[in-house]
1. Can you name the number of the only condition in (1) part of a loop (DSSP other than H, G, I, E, B); (2) at the interface with chain A (Cβ under 10 Å from one of its Cβ atoms) that B:Asn11 fails?
2. Give the residue that is surrounded by the most Cβ atoms within 10 Å (Cβ to Cβ), with candidates limited to residues of region A:590-621 that are of a type in the set (Ser, Thr, Tyr) and more than 14 Å from every other protein chain (Cβ to nearest Cβ).
3. Quick check: anything in region A:339-353 in a helix (DSSP H, G or I) and within 28 Å of A:Phe510 (Cβ to Cβ)?
4. For region A:133-151, how many residues meet the condition of being closer than 16 Å to A:Pro117 by Cα and in a loop (DSSP other than H, G, I, E, B)?
5. Output the number of the condition that A:Glu825 fails; it satisfies all remaining conditions of (1) more than 14 Å from chain B (Cβ to nearest Cβ); (2) more than 31 Å from the chain's Cα centre (by Cα); (3) surrounded by fewer than 19 Cβ atoms within 10 Å (Cβ to Cβ).
6. Filter region A:925-942 for residues that are part of a loop (DSSP other than H, G, I, E, B) and away from chain B (no Cβ under 14 Å) and give the result.
7. Could you list, in sequence order, all residues of region A:422-449 that are in a helix (DSSP H, G or I) and β-branched (Val, Ile, Thr)?
8. What is the number of the single condition among (1) touching a residue at least 60 places away in the same chain (Cβ under 8 Å); (2) buried (at least 23 other Cβ atoms within 10 Å of the Cβ); (3) touching a strand residue (DSSP E or B) at 6+ places or on another chain (Cβ under 9 Å) that A:Ile634 does not meet?
Amino acid sequence: MKDFIIPWGDDRDMGTPARQGAPVSLIIDGFEVTVPEGTSVMRAAAIAGISVPKLCASDNLEAFGSCRLCVVEIEGRRGTPASCTTPVAAGMVVRTQSEQVKKIRKGVMELYISDHPLDCLTCSANGDCELQDMAGVVGLRDQRYSPPADGMRTHFAARDTSGQVNPDYLPKDDSNPYFTYDPAKCIVCNRCVRACEEVQGTFALTIEGRGFDSRVSPGGAGDDFLSSDCVSCGACVQACPTATLQEKSVIELGTPTRSVITTCAYCGVGCSFKAELNGDELVRMTPYKHGAANRGHSCVKGRFAYGYATHADRILNPMIRESIDQPWREVGWQEALGFAAARMRGIQARYGRKSVGVITSSRCTNEETYLVQKLTRAVFLNNNTDTCARVCHSPTGYGLGQTFGTSAGTQNFDSVALADVVVVIGANPTDGHPVFASRLKKRLRAGAKLIVIDPRRIDLVKTPHIEAAHHLALRPGTNVAVVTAMAHVIVTEGLYDAEFIRARCDWDEFQDYAEFVSDLRHAPEMIEMLTGVAAEDLRAAARLYATGGNGAIYYGLGVTEHSQGSTTVMAIANLAMLTGNIGREGVGVNPLRGQNNVQGSCDMGSFPHELPGYRHVKNADVRAIFEGAWGVEIDPEPGLRIPNMLDAAVSGGFKGLYCQGEDILQSDPDTRHVAAGLAAMECVIVHDLFLNETANYAHVFLPGSSFLEKDGTFTNAERRINRVRRVMAPRNGYADWEITQMLANAMLKDAGRPLWHYTHPAQIMEEIAATTPGFANVDYAMLEERGSVQWPCNDANPHGSPIMHVDGFVRGRGRFIVTEYIATEERTGPRFPLLLTTGRILSQYNVGAQTRRTENTIWHSEDVLEIHPHDAEVRGVKEGDWVRLASRSGETSLRAHLTDRVSPGVVYTTFHHPTTQANVITTDYSDWATNCPEYKVTAVQVGLSNGPTDWQESYDQQARLSRRILPAAE
Amino acid sequence: MAADKLLRMANQIATFFATQPGRDQAERVAAHLKDFWGPEMRAELKAYALDHDADLNDLVRRALPLI
């Protein structure tokens, strides 16, 4: 047997996917190799270090056997089988190189080349072309087939040999902003079509025609890539062995020569990428095949939408101003930090220690977030720290903490491959978490059942080769009633797992809970009128979840962003405990986190009541750890949450804010209230890439660094700590952690206190590990070695924790909690008869600060209001009309889109564009336990309008004035 | 801070704990307020509650002396 090849760092294409099975030994070219049963001969050879020539095979796709280049000889078998489609057998003797197969391969290559242009030197795939490589490997030296002069056609010449126009020649399709499709270069290997199906699951591509007429085709006749169903994930581009599907960036910039493995800064899936560069110029991002979250796949945002990092809007110099009606003045770092520190210290001197605070960013690294909360606790000396998780998953923290003992999502993403019944509640994975959605869809195509609980018909409900078994299209705001009714069915029909409950949960609490939930008022028939969900459907869904095998729940902000967000999270946890769907692969309760590091920012002590590791500030033993490390006394009382900060600002008690990488003016509810809060402050420090909406009210702007420009770690929704690596130098001069340190030191120096002295984020991680039990064994050396690790990672779990609660719940016994439905105070009535719910779209991310500054705007250039045709008709609204959307909080205008995705009585929009101002509409109602805003339910009225409202116009005017920058002094 | 909003938030917390089994609901409301609200917010709620007793959820009324 050949020497073992360490897989880490080796991202060779092994030809066909890995298999699991009993070991099988065979001989390949004289070497013995042992592989799992079901492995292809091609993969076995690759494991032995022998690359069999191939064109149509790739190890992220099932073998296809079309190119005939990978033929081999097998002793005792007739002919020359394709090694990609031939599984290994014990004792098999394979020869990958012989006179016969060499001749066949050369013949195959000669035919391929006869219909392929020979413009290699000027081709965009030069040096990165498998066709070119294979021509080299088989030793192709000439090509005997030249077209006769009587008009024979190829696929690559615009005119045939007689000079006539060639109808088989198709021009390049460059409709997609990020890649081109050049049919002239296509060898019809099918890899793009298979990637679209098997990896992405969109089925946008097909092969049209037969034999010589076969062509790759996006969608139907007349479609190009942009108008087709293509979601621009790029899997086809990655799969293409030639220049047929090619990144425009490569065409423009050339093939990259170096690469750095890093982590995507978009959603909570946390995909690993290879950033490929020439010098410090980023050429392309390709998903890293050993990335444990994404397994080599990506979406349009991560792969393509990185142009914001070099966008002209990016601010690269610090700026200050005395008051927000003045234009910005560019200054040096020293002056900006001195100005900020003096103001913050002045505010504290005048209004007290607690009059200032921070907002940490879920887009920044763990190390940066840790420093920002340390800034408020150890420098400002209060607990006024919060993070945008407040407005998304804070109810998850509370709800799962109460029931299981930790806010942690219970699974890794790989787990979905073993689920039998998947329940998606209030989440839209194909748009919000696209790479997870692809993995989910793969499992659903293989037979797992799907239950969708969502007011809106999300794509997953019915998409190619997938149809949800049940779509419970509930009325917004009735989650608790629906989930509790599912528990009613499970308990009253005796479908619960008594053995699991007795072994793992508190039996007395279960008795209380069972009695509560069995009451007739929770029966599906009783809540049908309230929730709009047919009782029979709900019963069938509950039975399926309880009895269909491994049941996995995935949920999003449609669960948390309600007055009863925390209660719904507990109701979900109850369901999982009732059915024993916790503590192993294929099951679990999985919050789909919105932003790249929202998990990490929560872990790092961003909440005002918790120190890093979710430990309450009231605990003296926990405070002692940090007091020892930081040399300060820590306030034992909780500080202010974001909404509390804004309320306190309006009433005059909160005066200074350091806001890193978050745009609260656009993302937080009730924009007018947020604006009033910000306007009342005396020092707002915004630390960001762009002059975002919040910066309209800022006095100090500290330019931030992009994820490409710094070292650190992100923690994704499966608790996976992934390295972020510096790919290029920060364009603004400093990584964000350095800027926070400089601000801290500016304040500490004034106060004559000891300064911070971090020189690398690895040292910050050392401090995190030393103070936080779940991170005890995490360090950069380990992350280099293993790639990533899922916390808790300590002496008890030295290799991390892919699955939580395996032998018992973190809190000991799982706790059932009574979940009574209590209607939100936000009610529809004659003035506001419709319910508005909000969400996301695939091509845009959060407030859009990044994606709006990329070509992604081609898919979504403005927010639109989805309204059911019935509701539209009675209001005289037609497709594309400007409509006025009004609630008790405010009003805005946007265009209408008529669709039956939403039920009558429900309207829907996104909040990616500041001009729409969707959050002018949302109210200040919030989750009872955590103050997470109720984004998902607002009573509204819709009527025709002539265009933007006065508010939108005055807002726009104020924003323009506020963004003025004085020309730098000569 | 808008004290009426604090009262609304406190009542909302009480509404949840009122549905929970046991006899310690008021204590649990108090514990929640102490865990998640800073002392200034608690003090403001208490001050406001003096003049707005009629608007208080009973559990909030019973929890106030405990915070």
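The values are calculated or read from the model by the stated rules, or taken from the named source; none is laboratory data. As the structure is a computational prediction, the values presented were derived from the model and not from experiment. Cβ atoms come from the backbone with ideal geometry, glycine included; neighbour counts cover every protein chain shown.
1. (1)
2. A:Ser601
3. Checked region A:339-353: no residue is in a helix (DSSP H, G or I) and within 28 Å of A:Phe510 (Cβ to Cβ).
4. The total comes to 8.
5. (1)
6. Initial filter on region A:925-942 (part of a loop (DSSP other than H, G, I, E, B)): A:925, A:927-932, A:934-937.
Hits for region A:925-942 are A:Tyr935, A:Lys936, A:Val937.
7. A:Thr430, A:Val435 - these are the residues of region A:422-449 that are in a helix (DSSP H, G or I) and β-branched (Val, Ile, Thr).
8. Tallying (1) touching a residue at least 60 places away in the same chain (Cβ under 8 Å); (2) buried (at least 23 other Cβ atoms within 10 Å of the Cβ); (3) touching a strand residue (DSSP E or B) at 6+ places or on another chain (Cβ under 9 Å), A:Ile634 fails exactly one: (2).
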